[in-house]
Amino acid sequence: MSDVVEKTLTALPGLLSLDSQTGAGKLSSTSKLGNLIRSITELTSKHDEEKLIKRELVAIKEQVSSPNTTMRQMKEMMVRSIYCEMLGYEADFSYIHAIKLAQQGAGLEKRVGYLAVSLFLNENHELLLLLVNTVLKVSVFELLLLVNTVLKDLQSTNLIEVCMALTVVSQMFPKDMIPAILPLVEEKLTHPKEIIRRKAVLALHKFYLIAPNQVQHIHSKFRKALCDKDPGVMAASLHIYLQMIKEGAEAYRELAGSFAAILRQVVGGKLPVEFNYHSVPAPWLQIQLLRILTLLGKDDQSTSELMYDVLDESLRRAEINHNITYAILFECVKAIYTIHPNAELMEKAAKCIGNFVLSPKINLKYLGLKALTYVVQQDANLALQHQMTIIECLDHSDRIIKRETLELLFRITNAQNVTVIVEKMLAFLRLCHEDYTIMDLVGKVAELAEKYPFRITRPPHGWKPHTYYILLAY
């Protein structure tokens with residue numbers, strides 16, 4: 001057995017509070033989960049694994065059905081059931097017992113129960129949605145156990161229980177039952193503890209995704225969360241705003257100044273250091289804000305003018321050579337070419353794109369090509385300055401780079417460069433062996449031949465027949 005597996009088995013009893021010998025350096029013989037993992041790692045075939053797991057599931061089912069099973073034992077049964085499901089075997093008989101453990105357990109038992117519920121079920125599961133389930137033959141009381149458990153824990157004075165309930169709600173609560181707990185979740189937006197407020201915002205984000213009409217009346221409270229003194233709560237509210245702005249930016253343009261001000265504070269390093277990643281101030285928060293500003297500034301000059309300065313600052317500060325700063329730069333470039341144009345910013349963004357495309361690193365080169373697709377969507381002429389660099393990418397060894405390059409070349413083709421680009425495409429076509437790429441490229445060349453039929457007359461019968469003759473070979 002490998003050292004990694006041995007260390008994992010040694011640590012499991014302490015992590016799960018299973019029976020273990022104090023100070024022992026190995027797994028206790030009473031840890032059934034440890035024995036199960038050990039047995040599986042020693043098997044040599046999938047067939048043997050199936051036989052072992054089937055026996056294990058039969059034993060678990062027998063024990064969870066026993067009236068003499070304690071909460072401690074039930075906790076271990078749930079952990080073993082989780083492990084079996086992780087391996088791809090259904091333990092559906094344990095789902096209802098996971099809900100009961102979440103309701104009746106205390107402390108660690110409740111945590112394991114909630115963990116099992118969140119892993120076993122989703123909001124569309126029949127155990128949560130149906131009030132009468134004739135297939136599983138469970139009672140209405142059992143079907144509503146989860147809702148009752150969440151309701152009880154949301155009203156608890158124990159912060160851990162409230163956190164666990166909000167976590168489950170934000171992961172897999174059915175939309176038909178949202179009205180029952182919405183007032184309690186809404187109430188938690190004003191809780192004195194920031195972790196509760198943050199989890200409440202995330203739960204409301206989940207509600208908005210699955211039942212937006214049921215949370216329309218609390219948009220004003222989303223704004224309070226955006227202005228929360230805790231950065232974590234503010235960051236959680238951005239998820240809701242990004243979704244709402246995607247669906248209709250016009251109603252939220254008045255907040256553009258607020259989002260720009262938040263981004264300015266983030267870029268300036270005003271957030272606590274625990275939000276930093278590789279010395280970059282809250283990079284994921286920057287990316288989220290840049291996406292929001294991109295949507296708000298599109299086709300709106302006055303709104304775009306509010307964000308020019310902060311976009312310039314974001315470009316200037318993202319100079320550390322690290323993948324996360326490249327992601328920030330990509331979002332900056334995307335924003336600059338999407339909002340109302342600013343000549344100075346577009347020049348800086350073009351320089352940034354050029355550095356990406358010329359980079360020897362494959363990921364950065366791909367990022368540059370991808371950024372150019374946003375440039376082309378605004379104005380194909382803006383990408384022409386990179387035309388020769390793009391053409392050179394056709395000789396790159398990476399297939400994805402080549403595919404992205406072909407798409408870009410097709411988009412920037414005009415009457416002046418069609419000769420060069422089509423010749424490059426045809427040369428690439430002769431060496432290509434991928435059916436999908438051949439079909440795609442033949443279609444592109446044919447379309448260009450239709451669009452610019454008289455640009456080249458060097459072949460005996462003109463460019464268009466000559467091109468079609470070459471394409472017929474494929």
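The values are calculated or read from the model by the stated rules, or taken from the named source; none is laboratory data. Just so we're clear, the structure is a prediction, and the values are computed from it rather than from any experiment. Cβ placement follows ideal geometry from the backbone for every residue including glycine, while neighbour counts extend to all protein chains displayed. We work out accessible area using only protein heavy atoms, side chains counted, and drop any ligands, DNA or RNA first. Shrake-Rupley method; radii C 1.70, N 1.55, O 1.52, S 1.80 Å.
Take the conditions touching a strand residue (DSSP E or B) at 6+ places or on another chain (Cβ under 8 Å) and of a type in the set (A, V, I, L, M) and apply them to Ile60. Does it pass? Spell out how you get there, then give the answer.
Details: touching a strand residue (DSSP E or B) at 6+ places or on another chain (Cβ under 8 Å): no; of a type in the set (A, V, I, L, M): yes.
So Ile60 fails the test.
Failed condition for Glu274, given (1) open to solvent by less than 70 Å² (accessible area, probe 1.4 Å); (2) more than 19 Å from Glu331 (Cβ to Cβ), with all others met?
So Glu274 meets the others, but not (1).
If Ile400 passes every condition in (1) surrounded by fewer than 16 Cβ atoms within 10 Å (Cβ to Cβ); (2) closer than 25 Å to Lys298 by Cα but one, which one does it miss?
Result: Ile400 passes all but (2).
In the list Glu319, Glu344, which residue meets the criterion of being of a type in the set (D, E, K, R) and outside any helix (DSSP H, G or I)?
Result: Glu319 is the single residue among Glu319, Glu344 that is of a type in the set (D, E, K, R) and outside any helix (DSSP H, G or I).
Restricting to helices (runs of 4 or more DSSP H) lying wholly in the range 100-219: which have 1 or more residues that are of a type in the set (Val, Ile, Thr) and modelled with pLDDT of 85 or more?
Ranges flagged: 108-120, 159-172, 178-187, 194-210.
In the range 378-391, what residues are in a helix (DSSP H, G or I) and loosely packed, with under 14 Cβ neighbours inside 10 Å?
Within the range 378-391, Asn381, Gln385, Met388 meet the criteria.
Of the residues that make up the range 316-334, is at least one closer than 30 Å to Glu187 by Cβ and surrounded by 21 or more Cβ atoms within 10 Å (Cβ to Cβ)?
Checking the range 316-334: not a single residue is closer than 30 Å to Glu187 by Cβ and surrounded by 21 or more Cβ atoms within 10 Å (Cβ to Cβ).
Report whether or not Ser237 is farther than 27 Å from Gln385 by Cα, open to solvent by 30 Å² or more (accessible area, probe 1.4 Å) and not acidic (Asp, Glu).
So Ser237 does not fit the description; no.
Could you grab the pairs with beta carbons closer than 7 Å, sequence gap of 6+ or different chains, first residue in the range 98-125 and open to solvent by 30 Å² or more (accessible area, probe 1.4 Å), second one modelled with pLDDT under 85 and in a loop (DSSP other than H, G, I, E, B)?
Between residues of the range 98-125 that are open to solvent by 30 Å² or more (accessible area, probe 1.4 Å) and residues that are modelled with pLDDT under 85 and in a loop (DSSP other than H, G, I, E, B), the close pairs are Leu108/Ser17; Glu123/Phe173; Glu123/Pro174.
Would you tally the residues in the range 165-176 being open to solvent by 30 Å² or more (accessible area, probe 1.4 Å) and among the hydrophobic types (A, V, I, L, M, F, W, C)? Walk me through it before giving the result.
From the range 165-176, those open to solvent by 30 Å² or more (accessible area, probe 1.4 Å) are 167, 170-171, 175-176; that's our starting set.
Filter once more, keeping what is among the hydrophobic types (A, V, I, L, M, F, W, C): none.
Of the residues in the range 165-176, 0 are open to solvent by 30 Å² or more (accessible area, probe 1.4 Å) and among the hydrophobic types (A, V, I, L, M, F, W, C).
Only one of Arg72, Arg38, Arg80 is touching an Asp or Glu at 6+ places or on another chain (Cβ under 8 Å), at pLDDT below 90 and surrounded by 13 or more Cβ atoms within 10 Å (Cβ to Cβ); which?
Answer to the check: Arg72.
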